[in-house]
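This report refers to the structure that appears directly beneath it.
The values are calculated or read from the model by the stated rules, or taken from the named source; none is laboratory data. Quick caveat, the model's predicted, so the values are computed rather than measured. Note that each Cβ is placed from the backbone with ideal geometry, even for glycine, and that neighbours are counted across all protein chains shown. Keep in mind that these areas ignore ligands, DNA and RNA; they rest on the heavy atoms of the full protein, side chains included. Shrake-Rupley method; radii C 1.70, N 1.55, O 1.52, S 1.80 Å.
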Amino acid sequence: MIISPAGLEIIEKLEKSGFEAYFVGGCVRDVLMGKHPGDIDITTSASPEEVIHIFEKTYPTGINHGTVTVAENGILAEVTTYRCEKGYKDFRHPDGVEFVSDIGEDLCRRDFTVNAIAYNPSKGIVDNFGGQKDVESKVIRCVGEPDSRFAEDALRMVRAVRFAAVLGFEIEQKTLDAIKKNAHLASSISKERIAVEFEKTVLGDFPENAKLWQETGLIKYLAENSKAIDFLTFKKLANLPKIAPLRFAVIMNGGGAAEFLKELRFSNEIIKTTESLIVGIGIETPIEIKRYINKNGIKNAELLVYINSIKYKTELEKIFSEKHPIFIRDLKINGTDIMEMGITGKKTGQILLHLLEKVWENPGMNTKEKLIKLIEEDFAE
Ligand code: ATP
Ligand code: MG
């Protein structure tokens, strides 16, 4: 099994210094599924200080729980010391992290069986919880007793739904029951973490599995403004590109999107784009489209092609290919020309807007001569 040649060099370097090291987590799971691995996670018997000492370029990204990011051979790998966790008082943060010497103990603390498979090319696969079988049968199952694992860390429940939506896996019955039972603990998760999981879930290849938020009751505890989400729309997402505001616009088309996204601390940029897309959903006449582009820009109009009707797409292409006037700057007349007609002040702006509406309706009107005539007719003193 080949996971990552660059990652392998990191493992070999740790071994040359006398430590154990394995690929673990998502990268092993993804390669077993025949997919290209995302980020590379490595678990090792070396302490964080030892990892920092062995590699030239490291970042103490999660040093408190034993994670050091190693930059080597053009990749970034998260290298985490074997550890177990003991005692969770706030349902999210272990009270203490204890480093351990055995890979088996490290795998115990991992969330799901499919994420608890370790691999080292010379030692092979360590799979103490039937993770490979669960990858094969596409099942998300807790390592250990689901009830206590979710009580330890409520984020795991949200991750379970995320993996269901990203991988297309089913959540095993006992694990699912435990999510329903412990859903209320999700209110202890920070909004930023929820946002990360929310976005990954919506951008998944199987986004309709996000209905599990609703079916498990989790959604109530993820955000106060969750009413904004329309679960009936999720089946439309799988055919859309993985662009967050685009998918957000589809599932929050009934109002409240901005409040919801603000609550989860999404950037103003994402909120603004989502709102702009929502107002454009369903438009299709040339005038609607031109007015939309004028207000919301070409980029958003292009994204709407994925959501709106075929007619929308045809009309938009026509507007572009025939170079129809859309902005004031496209008019074949300008402020100076109007001033020369003896019109000044506020009225100039009003006239330009009026002309713009006229040429939106009929692009053929956009000649200096015709526009001057229009002004004489419509704005004669
Ligand atoms: P991906 O990288 O594709 O999002 P992943 O499974 O690698 O998925 P990460 O968040 O990168 O997820 O975490 C790496 C590994 O760390 C996981 O596979 C899992 O073994 C463990 N892990 C992460 N978060 C938790 C958690 N909250 N509780 C228990 N184990 C966790
Ligand atoms: Mg990962």
- Note on the structure: With -39,500 (n - 2.57) per DSSP H segment of 4 or more residues and division by the full residue count of the chain, the 222 nm estimate, nearest 500 deg cm²/dmol, is -13000 deg cm²/dmol
- Item | the chain - Kirkwood radius from inverse mean 1/r over Cα pairs (Å) | 24.4
- With a ≥ b ≥ c from the Cα gyration tensor eigenvalues, square-rooted, and the rule rounded for a/c under 1.5, otherwise prolate when a/b > b/c and oblate otherwise, the range 203-267 is oblate
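Please figure out what share of the DSSP beta bridges in the chain is antiparallel and state it in percent, rounded to the nearest 5.
Of the beta bridges lying entirely in the chain, close to 75 percent run antiparallel.
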- Task: Express the accessible area of the range 223-265 per residue in Å², computed with a 1.4 Å probe while the remaining protein chains stay in the model.
- Result: 47
- Item | C-alpha long axis of helix 155-167 to longest principal axis of the chain, angle in ° | 70
- Probe 1.4 Å, protein heavy atoms only - accessible area per residue of the range 325-381 in square angstrom: 62
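Restricting things to alpha carbons, find the Rg to Rh ratio for the range 325-375 using the Kirkwood radius for Rh.
Computed over Cα atoms, the ratio is 0.92.
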- Message: Given a 1.4 angstrom probe, I'd like the percentage of the accessible area of the chain that is carbon and sulfur, rounded to a whole number.
- Response: 52
- Message: Rolling a 1.4 Å sphere over the protein heavy atoms, what is the accessible area per residue of the range 123-172, to the nearest Å²?
- Response: 37
- Query: Using alpha carbons only, how many degrees (0 to 90, rounded to 10) separate the axis of helix 368-378 from the longest principal axis of the chain?
  - Reply: 70
- Task: Pick out, from GLY34, PHE55, TYR119, the residue whose Cα sits farthest towards the positive end of the charge dipole of the range 1-131, with +1 on the Cβ of Lys and Arg and -1 on the Cβ of Asp and Glu.
- Result: GLY34
- Message: Could you compute Rg(Cα) / (2.2 N^0.38 Å) for the range 1-131, with N its residue count?
- Response: 0.99
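Could you order the peptides 110-118, 360-368, 147-155 from most to least packed, using the average number of other C-beta atoms within 10 Å per residue? Write down the numbers at each step before the final one.
Details: 110-118: 25.6, 360-368: 14.3, 147-155: 19.9.
Descending packing order for the listed peptides: 110-118, 147-155, 360-368.
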- Considering the range 199-319, what Rg and Dmax in Å follow from its alpha-carbon atoms? 14.7, 47
